[in-house]
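What follows is calculated from the coordinates using simple rules that are stated; it is not laboratory data. This one's a predicted model, so the numbers in the text were calculated from it and none came from an experiment. Counting neighbours? That spans all protein chains shown, and the Cβs are built from the backbone with ideal geometry, glycine included.
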Amino acid sequence: MPETILIVEDELSLQETLAYNLKKEGYIVETVGDGRSALEAARRLKPDLIVLDIMLPEMDGFEVARILRKEMSAAILMLTARDDEIDRVVGLEVGADDYLTKPFSMRELMARVKSQLRRARLLREEMGKDSATSMPKHETLTFDNLIINLTRREVILNDQVIQIKPKEYELLLFLAEHRRQMLSREFILERVWGWDFIGDSRTVDVHVRWLRQKIEVDSSNPIRIVTVRGGGYRFEG
């Protein structure tokens, strides 16, 4: 079945260009031009991917992403008109999976779209296998007061479920599965974000910082996710 993409872009010419090219690739595409319509369309369509502009009428893309990330796991590719690191960091912080700075080539956009959809498919397949074959002893990973529930995709700290974004969960799980191993930023980026992710190792640093703020007693002196000088990170549990 063709995958569904929601385009949220108020610039009509760009909206039409994106829709035309994505439809040519065989995707089901719907377009809206403001933030409130984006929420309504996303809730109705349950799309596989949302291409989301930041500067929108009614409600900006950051707020749209923040709301939708609490409601659904659709991949979010944010578009920003400024090559500003704060935009990229805030976009990732509210739950975006990737970002693209305008102006961009259609070839680059297609590469990002295919990368995000491929990762979503692999994740669904992986979760399907886990639910069909996992035994009770594999349902959780426990490290003292920190529990990673693989079945529910939850992280529990001191008997309380903590709020964690999908990418933070994937990163924490990957680190936990390689406990006490030094993992380079490049290796983490390749395995958690995918080999065709167009970004750099700062993405890993940002997500590690967010994880530390949630699972460490003192995020400035981490004991669970430690930095290996000149190397990368190591999860101690």
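A few comments on the model shown:
- Taking trypsin sites (Lys or Arg not before Pro) across region 140-194, the ones in a DSSP loop with at most 12 further Cβ atoms lying within 10 angstrom of their Cβ are 152, 179, 180.
- Where Cα atoms sit under 20 Å apart: lysine pairs in the chain separated by 8 or more or lying on different chains: 16
- 3J(HN,Hα) from dihedral phi, region 151-159, Karplus parametrisation 6.51/-1.76/1.60, rounded to Hz, x for glycine, proline: 6, 9, 6, 10, 10, 10, 10, 6, 6
- Principal-axis tilt of helix 106-133 within the chain, Cα atoms, nearest 10 degrees: 50 degrees
- Largest-first principal axis extents of the Cα set of the chain (Å): 53, 40, 31
- Other-chain or far-sequence residues with amide H under 5 Å of residue 78's (modelled H): 52, 97, 98, 99, 100
- Ranked from largest, the principal axis spans of the Cα set of region 177-232 equal 35, 22, 20 Å.
- J(HN,Hα) series, region 161-173, from Karplus relation 6.51 cos²θ - 1.76 cosθ + 1.60, nearest Hz, glycine and proline x: 6, 9, 6, 9, 6, x, 5, 5, 4, 4, 5, 4, 4
- Segment residue 4-residue 144, length gained on full extension (0.36 nm per residue, minus Cα span): 46.3 nm
- Prolate/oblate/rounded label for region 1-71 (Cα gyration tensor, a/c 1.5): oblate
- For region 4-126, the equivalent ellipsoid derived from the alpha-carbon gyration tensor has semi-axes of 18, 17, 15 Å in decreasing order.
- Scaling the Cα radius of gyration of region 134-235 by the globular reference 2.2 N^0.38 Å produces a ratio of 1.05.
- Computed label-point distance, nm, for sites residue 156 and residue 55 using a 7 Å Cα→Cβ extension: 4.7 nm
- In order along region 221-237, the Karplus-derived 3J(HN,Hα) couplings, from 6.51 cos²θ - 1.76 cosθ + 1.60 at θ = phi - 60°, round to 10, x, 10, 8, 10, 9, 8, 9, 4, x, x, x, 9, 9, 8, 9, x Hz, and Gly and Pro are given as x.
- Once backbone amide H atoms are built at 1.01 Å from N, residue 29 has 5 as its partners under 5 Å, excluding neighbours fewer than 5 places away on the same chain.
- Highest-fluctuation residue, 26, 35, 194 considered, GNM on the chain with Cα pairs under 10 Å: 26
- Near residue 59, the amide H atoms lying under 5 Å from its own belong to 35, 36; only residues 5 or more places off or on other chains count, and H is placed 1.01 Å from N.
- Computed from Cα positions, the angle between helix 61-71 and the longest principal axis of the chain comes to roughly 60 degrees.
- Given charges at beta-carbon only (K, R positive; D, E negative), |dipole| of the chain in Debye: 800 debye
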